[in-house]
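K.L.:
One structure coming up, written as structure tokens, with questions to follow.
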Amino acid sequence: MKYIFIINISEGSEEEHSVIQDIENAFIENGRTDGYITEYITEEHSAFSLAKGYSEKYGEDCIIFACGGIGTVHEAVNALAHSDTPLGVLPLGKTGDIAAKLYGPRSGIYSAAEQLGLLEGSPKMKLRRIDLGKCCGEYFISSVSLGFDSTVRRRSERISKKLPKAAPLSDKLSFAASLMGNKKYSVYTNFLVSHTANGITRRYPLTKTLEYTLITVTNSGWCSGFCPAPNAVLNDGLLEMAVAEPCNFAEVCAAAPMYKKGVADISGKVRYYSVIKGEFTSSDGEPFPLLMDGKEIVTERADIGIEQKALKICTSIFSDQLRKDIK
């Protein structure tokens, strides 16, 4: 078995990257110098071509670790979807909820490497298949969002370019910058949604123009509650959509930070839907931006759906016990 580490050196701290060196040293000490390959990249999209190439070369006889943030993981997911090559995730920087779902709350790269046996040079892990969301022809493992999130990205990047050496903005400053231009958005929705109550499941269309501040469609197997070892999207292959209705400046200041922490009830400003499939269409014919696993896409139409058991992923051998412990 080959263990291939695709490492984005532009993400994560020096301390986090030292864990990669510890993994290499562990493999060397165990006499397994031919058992691992390290590839260093500086741009997220490089992860796609590397993961695709190694998957075609070694197939199920290798495990590819995406060592980076959510963008790096996204590229590796798209390279390995519907293949027999498993994906491992070692978080550097921000990976959304993925690391937490695999290795526990607030897990970093050290915790992940330790649970997978990588720091001993003797990997111990389980492989299982999970569902993936799909939008605009690409797979997403975490979420797709429209509105407020895109504004945060665009405004913070615009301000960063004016700073010396394009210094990144802090989360608080990015948030403040986006609020300055807070606005209402509008898209036409044509979705098939699902609601279960008293043991009865009702499926019905959601076809109307939505005015919103933020819409987030999540792969609920990752983002709804704490699920350390998902083997598929929860709720029988459904996505979860949260729509934050138009808010004024004061309401967004109060609601957005709470929304990001997963608070379900924000003064009645958020509506939740269990989504089977559907599409967003520009209401005024103008393209709108969306973020898919942190990657910005500008489009006039976004199709969203689920592909079941599309990705083989590595989880800790302890993850089943973790799941029992939290029930």
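No lab work stands behind these numbers, since they all come straight from the coordinates. None of these values were measured; they are calculated from a predicted model. Cβ atoms come from the backbone with ideal geometry, glycine included; neighbour counts cover every protein chain shown.
K.L.:
Can you tell me the length gained on complete extension of the stretch residue 61 to residue 34, counting 0.36 nm per residue apart and subtracting the Cα distance?
P.N.:
My answer for the length gained is 8.4 nm.
K.L.:
For a quick protection proxy, order the peptides 135-146, 64-75 by their average other-Cβ count within 10 Å, most packed first. Intermediate results must be reported in sequence, preceding the final value.
P.N.:
Values: 135-146: 21.8, 64-75: 27.9.
Taking the mean over residues of other Cβ atoms within 10 Å, the ranking is 64-75, 135-146.
K.L.:
Ordered by packing density, taken as the mean number of other Cβ atoms within 10 Å over each peptide's residues, highest first, how do 25-35, 118-128 rank?
P.N.:
The packing order, highest mean first, is 118-128, 25-35.
K.L.:
Then there's this: Give the peptides 80-89, 271-280 in descending order of average Cβ contacts within 10 Å, highest first.
P.N.:
Per-residue Cβ counts within 10 Å, averaged per peptide and sorted highest first, yield 80-89, 271-280.
K.L.:
Between residue 303 and residue 208, what is the spin-label point distance in nm, taking each point 7 Å from the Cα along the Cα→C-beta axis?
P.N.:
It is 2.6 nm.
K.L.:
Among 49, 282, rank each residue by its count of other Cβ atoms within 10 Å, from fewest to most, as a rough exposure measure.
P.N.:
Lowest count first: 49, 282.
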